[in-house]
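The values are calculated or read from the model by the stated rules, or taken from the named source; none is laboratory data. As the structure is a prediction and not an experimental result, all values here were calculated from the model. Cβ atoms come from the backbone with ideal geometry, glycine included; neighbour counts cover every protein chain shown.
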């Protein structure tokens, strides 16, 4: 995916697996969103979910999860070790790929406004999204818990929420939404049940009290394990790595006659952070990160390009198709066939171009230069189609998941019919784009064949057959999706587009 944003919402529920399962289901049902991790802790009474996707999809998933949490979590009955102000306590958006921090700020404000407006929950923006500098840090908003925040909202105009009502929601409290860089949630457990020791160590290591840069820390009681914990957020692990935070806690603990029982990472952690810790604790000399097998393999593959063995990477996709689940299905397979057809076309271009270039070493002619330029342009256009068709493999599966999710809505839901119609429209558009691009690939392959060397004619014949099959399969999907559409203008438009693609396929006869 070209544009990826991560969301790591924290919910004030760590003891009811059914509630967490419902939240996870709500997130997974949003097309184009991928759940990476889920954590829940009994003593913290808190769950952390991590998911990624395109900004629009991630924003929708975050809102749906907050909506479910507002129904299932009652903050009035919540007792846990972790500070909180809401059922959906905090919703941070993190740029991962092709996304700027400014994009995440805009997304945070959009989602925050929707939570305030539709769920009637007060929303405070924090970190990079903060409109009020006094609310930049999460701990400032959480100070005093729900009671403290409620009192500030009632008595200080500076604590009017950014969105939503001016009083806490009776059961869901408030929600903090923002944008931030990646951080590591890291906890160190101590062999004592004395909470005052954990709090003293937390104060010693956190930056706000004169401790380590980029470290936030609190002391937490782990009653179920009869121990205490120093719970930390490392907001810049490159400046203060995991091993530095661990050693600081260990030394503070030993000074108080306590040992470390163990440590834990909550959620996900960058590989680089673990490599830093490995280098430190193993005392590695002259260590190069490319000595990591996976890193070296990625480097070589990126440099050398795919080998025939790369075909084995299709195995997971083939197994997923054969798994007996609705997705990936025929639409995704059609997109794959179109992408493979385009790849064969590019191969034909490049082999022919190599032959022309070798001839040019001996004979320079305008005709050869023109031929080379034409082949270069054909290869570029085919490659563009191949890259988009690869993305349509995932888009088709996500679109159909959206159709299934819409049909699963209760029949009493007033928005069900509209959700079904919109999901079918999205699925139809994906199928039509797949068909149109596959047909375009077929036409380009015919153009390549007119100039190609005889040695690649059979490869191009295979490519043409696959392109036609991909287009016809995608058109069949589009026609099926039309059956559920009530908007006759849309139906008529799609039917006309289908006729145009079908006409172009008639012209794609054998080579």
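Please find, among 175, 191, the residue that is surrounded by fewer than 19 Cβ atoms within 10 Å (Cβ to Cβ) and either on the phi < 0 side of the Ramachandran plot or modelled with pLDDT of 95 or more (or both). Write out each step before concluding.
Details: 175 fails: surrounded by fewer than 19 Cβ atoms within 10 Å (Cβ to Cβ).
Just a single option satisfies the conditions, and that option is 191.
Would you confirm whether any residue within the stretch 158-167 is in contact with a helix residue (DSSP H, G or I) (Cβ under 8 Å, 6 or more places away or on another chain), outside the structural domain of residue 237 (by TED's automatic domain parsing), assigned to a helix (DSSP H, G or I) and surrounded by fewer than 22 Cβ atoms within 10 Å (Cβ to Cβ)?
Yes; the residues of the stretch 158-167 include at least one that is in contact with a helix residue (DSSP H, G or I) (Cβ under 8 Å, 6 or more places away or on another chain), outside the structural domain of residue 237 (by TED's automatic domain parsing), assigned to a helix (DSSP H, G or I) and surrounded by fewer than 22 Cβ atoms within 10 Å (Cβ to Cβ).
Only one residue in 375, 404 is touching a residue at least 40 places away in the same chain (Cβ under 8 Å) and farther than 17 Å from residue 329 by Cβ, so which one is that?
The conditions single out 375.
May I ask you to say which residue of 141, 197, 184 is in contact with a strand residue (DSSP E or B) (Cβ under 8 Å, 6 or more places away or on another chain), at pLDDT below 95 and either on the phi > 0 side of the Ramachandran plot or buried (at least 19 other Cβ atoms within 10 Å of the Cβ) (or both)?
184
Here are 497, 437: which of them is modelled with pLDDT of 90 or more and surrounded by fewer than 20 Cβ atoms within 10 Å (Cβ to Cβ)?
Numbers: 437 fails: surrounded by fewer than 20 Cβ atoms within 10 Å (Cβ to Cβ).
Exactly one of 497, 437 is modelled with pLDDT of 90 or more and surrounded by fewer than 20 Cβ atoms within 10 Å (Cβ to Cβ), namely 497.
What residue, of 419, 386, 397, is part of a helix (DSSP H, G or I) and buried (at least 21 other Cβ atoms within 10 Å of the Cβ)?
It is 397.
Going by what's in this entry, would residue 377 be described as surrounded by fewer than 17 Cβ atoms within 10 Å (Cβ to Cβ) and not in a helix (DSSP H, G or I)?
no
Give the stretch 251-262 a look and list any residue that's surrounded by fewer than 18 Cβ atoms within 10 Å (Cβ to Cβ) and either closer than 23 Å to residue 92 by Cβ or in contact (Cβ under 8 Å) with a residue 24 or more places away in the chain (or both), or say none.
256, 259, 260, 261, 262, listed by residue number.
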